[in-house]
Amino acid sequence: MHSAMTATQANAYDEFPYDSKPFEGTHPNRLAAIARLHGMRPAPPDRCRVLELGCASGGNLLPMAAYLPGCEFVGVDLSAVQIDAARRAAEAAGLANVRFHAMSIADVAPDFGRFDYIIAHGVYSWVPELVREKLLAVCAANLAPDGVAYVSYNTYPGWHARGMVRDMLRYRTNGFQTAREKVAQARALMQFLRRASSAAQNAFGMALREEIDALERSPDFYLAHDHLEDVNAPVYFHEFVGAAQQHGLQYLNDVDVRTGLLNDFAPDVRSQLVSLAANPIELEQYIDFVRERTFRRSLLVHRAVSLRRGEEARQLQDLFVAFLGAPVSANPDLRSPGISETFRDAAGVSIAATNPLTKATLHILASSAPQPLHFSQLREAALERLAGDARSRDRIWQENAEGLCNDLLGCCTAGLAWFCVQAGPSAQLPLTYPRANAFTRYHAASATWIVNRLHQLVELDEFTRHLIQLMDGTRDLSALRAAMCKQVADGALEYMHNGVAVTDPGLILEAVNQAMASALPRIARAAVLQTD
């Protein structure tokens, strides 16, 4: 969640800043792809204007601005402390295409201009009703005719259980003044509630412990702002859509592109859901009831936009696809239609596929990850892997194409795949004069992660963190090696052997050579280097 938009809350964010990171689903490349799935032709992601409402300290906008120099970015947040931090980062990285304003959403006026993409992540549910209405009014007044607005919010029925715990925590912390005091008291109460309810095996006790388990693992800033702020107003999906319609906006889809599709339900449940719903909005609301949904990331467009629904599988063939999983089997059977193969990501999310075309496609995507590949490129590569002659490839395509598209949409819903309209070239080894952009180098100096051009977090070990900072395009690999050796020799980067810092130049060179041999392929694969 980004900072909410009241003066009282702004003070809380000044005291306890929210950890400002990128949100992959807010990137123009992702938003444009979902619009394309529904027949729209939004502004290209590398030549667009983007407004973020509740931008915090710029963790979402700054990397976009660094990788998309042909775009213009504007961020608004009421927290002056966080806006100052965002401005300092932009200045240090030399980013002239992003501006930050310390102001309320209520003060955003039409003279801000039109934006192709408007982002409001973690704002809508955390501001008073008047500000919620203003947020939607900004989406209507400042959104380009073919623009897309992203709004995330907490939803019922899932938030009924979470709201129960929130009420208890706020009751306990009501008399305390600072955010840090409130967090400490909230954590103490959670520990007490866990002990007190440990013997209760009824629905209430189990629900209470489940929510406390999840909340205890969350960082302090999340607890302070998502659960202890004065305002946290979940809504039902149909209520959000109705509020948007009052401002001349219509629901496009969620970032999770198949929220309203039913393939993962049993046939009888699917049939009953369809019979209950008179329209797509009602269908999604009933699905939320069944799934006990707690959070949505919904996309809005102008009411005048004509949308094509039900054609996602066909529209998908004009997009790029990226995949985050890998085959579980070392030697997957790609050709046999009756053999299921599982693909799983690092977090354990998995999908099983029996369609030969799907299996071959996912296998190709896994080998290229995180680099997206165009659907047409995937199609040809997968067919070549499955058959040697043109007639057989045509037959396989005719028999399996629909299943492939539906499987890829299912991977997106599961979080294993995503779509985009553009995909820059990936850096290839050998890297002659490696270059990371100025913001990436600036951020690596103070963090253990950076953001790649796909708007994903890339975790860094200490060696790679120092190496990235040196990759300004002026050093070849030999010069980088020498610079890293100097950092170890000077003590800026420590290399230990058997618990003792290594100072011998020969051993330092050997250690740096080994570390670079490991780090360079990871950096090239991670999509963090400039290739122009």
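The values are calculated or read from the model by the stated rules, or taken from the named source; none is laboratory data. Model, not experiment: these values are computed from the prediction. Glycine gets a Cβ as well: all are built from the backbone with ideal geometry, and neighbour counts include every protein chain shown.
General remarks:
- Filtered residues of the range 462-519 (kept if touching a Phe, Trp or Tyr at 6+ places or on another chain (Cβ under 6 Å) and among the charged types (D, E, K, R)): ASP476
- Number of residues in the range 86-97 that are out of contact with any strand residue (DSSP E or B) (no Cβ under 9 Å at 6 or more places or on another chain) and of a type outside the set (Lys, Arg) equals 6.
- 1 or more residues buried (at least 16 other Cβ atoms within 10 Å of the Cβ) and not assigned by TED's automatic domain parsing to the domain that holds PRO28: qualifying helices (runs of 4 or more DSSP H) within the range 112-225: 159-173, 179-196, 203-216
- Those residues of the range 244-272 which are surrounded by 19 or more Cβ atoms within 10 Å (Cβ to Cβ) and not in a loop (DSSP other than H, G, I, E, B), in sequence order: ALA244, LEU249, TYR251, LEU252, ASN253, ASP254
- Long-range neighbours under 9 Å by Cβ, at least six apart or interchain, first residue surrounded by fewer than 24 Cβ atoms within 10 Å (Cβ to Cβ) within the range 359-373, second polar (S, T, N, Q) and part of a loop (DSSP other than H, G, I, E, B): SER368/SER426; PRO370/SER426; PRO370/ASN452; PRO370/GLN456; GLN371/SER426
- Tally of residues being of a type in the set (A, V, I, L, M, F, W, C), under 38 Å from the mean Cα position of the chain (by Cα) and not in a helix (DSSP H, G or I) across the range 481-523: 3
- Flag for LEU457 being surrounded by 18 or more Cβ atoms within 10 Å (Cβ to Cβ) and not acidic (Asp, Glu): no
- Across the range 420-437, the qualifying residues are those that are surrounded by 15 or more Cβ atoms within 10 Å (Cβ to Cβ) and more than 22 Å from the chain's Cα centre (by Cα), and the one among them that is modelled with the lowest pLDDT is ALA427.
- Test result for SER306, loosely packed, with under 14 Cβ neighbours inside 10 Å and farther than 18 Å from ARG379 by Cα: yes
- Neighbours by Cβ (under 6 Å, 6+ apart or cross-chain): first from the range 58-85, within 19 Å of HIS121 (Cα to Cα); second aromatic (Phe, Trp, Tyr) and not in a loop (DSSP other than H, G, I, E, B): LEU61/PHE73; LEU62/PHE439; ALA65/PHE73; GLY75/PHE100; SER79/TYR13; ILE83/PHE100
- Among the residues making up the range 308-331, a single one is of a type in the set (Val, Ile, Thr) and under 22 Å from TRP397 (Cβ atoms): VAL321.
- Filtered residues of the range 490-506 (kept if of a type in the set (S, T, N, Q) and surrounded by fewer than 10 Cβ atoms within 10 Å (Cβ to Cβ)): ASN498
- Matching residues, the range 44-61, being in contact with a Cys (Cβ under 9 Å, 6 or more places away or on another chain) and either over 21 Å from HIS225 (Cα atoms) or in a loop (DSSP other than H, G, I, E, B) (or both): PRO45, ASP46, ARG47, CYS48, ARG49, VAL50
- Applying a threshold of 8 Å to beta carbon distances and a minimum spacing of six or more residues, or different chains, the list of pairs starting in the range 414-442 at a residue that is over 27 Å from ALA35 (Cβ atoms) and ending at one that is outside any loop (DSSP other than H, G, I, E, B) and of a type in the set (S, T, N, Q) reads ARG441/GLN469.
- Residue check for PHE192: in contact with a Ser or Thr (Cβ under 9 Å, 6 or more places away or on another chain) and farther than 24 Å from ASP19 by Cα: no
- Close pairs from the range 400-412: first within 16 Å of LEU386 (Cβ to Cβ), partner of a type in the set (D, E, K, R), Cβ under 9 Å, at least 6 apart: ALA401/ARG379; LEU404/ARG379
- Some residue of the range 461-469 being within 30 Å of PRO45 (Cβ to Cβ), of a type in the set (A, V, I, L, M, F, W, C), in contact (Cβ under 8 Å) with a residue 40 or more places away in the chain and surrounded by 17 or more Cβ atoms within 10 Å (Cβ to Cβ): yes
- Looking across the range 256-297, the residues that are among the hydrophobic types (A, V, I, L, M, F, W, C), under 27 Å from the mean Cα position of the chain (by Cα) and modelled with pLDDT under 90 come down to VAL257, LEU261, LEU262, PHE265.
- Filtered residue count, the range 226-241, keeping only those that are assigned to a helix (DSSP H, G or I) and either under 28 Å from ILE281 (Cα atoms) or at pLDDT 90 or above (or both): 6
- Selected residue (criterion: farthest from the chain's Cα centre (by Cα)) from residues of the range 446-469 that are in a loop (DSSP other than H, G, I, E, B) and within 16 Å of ASN60 (Cα to Cα): ALA447
- Unique residue being among the acidic types (Asp, Glu), more than 24 Å from ALA35 (Cα to Cα) and out of contact with any Gly (no Cβ under 6 Å at 6 or more places or on another chain) when the list is GLU292, GLU341: GLU341
- Cross-chain or 6+ apart pairs with Cβ under 7 Å, the range 197-225 first and closer than 20 Å to ARG187 by Cβ, then among the aromatic types (Phe, Trp, Tyr) and modelled with pLDDT under 90: PHE221/PHE16; PHE221/TYR18; ALA224/PHE16; HIS225/TYR18
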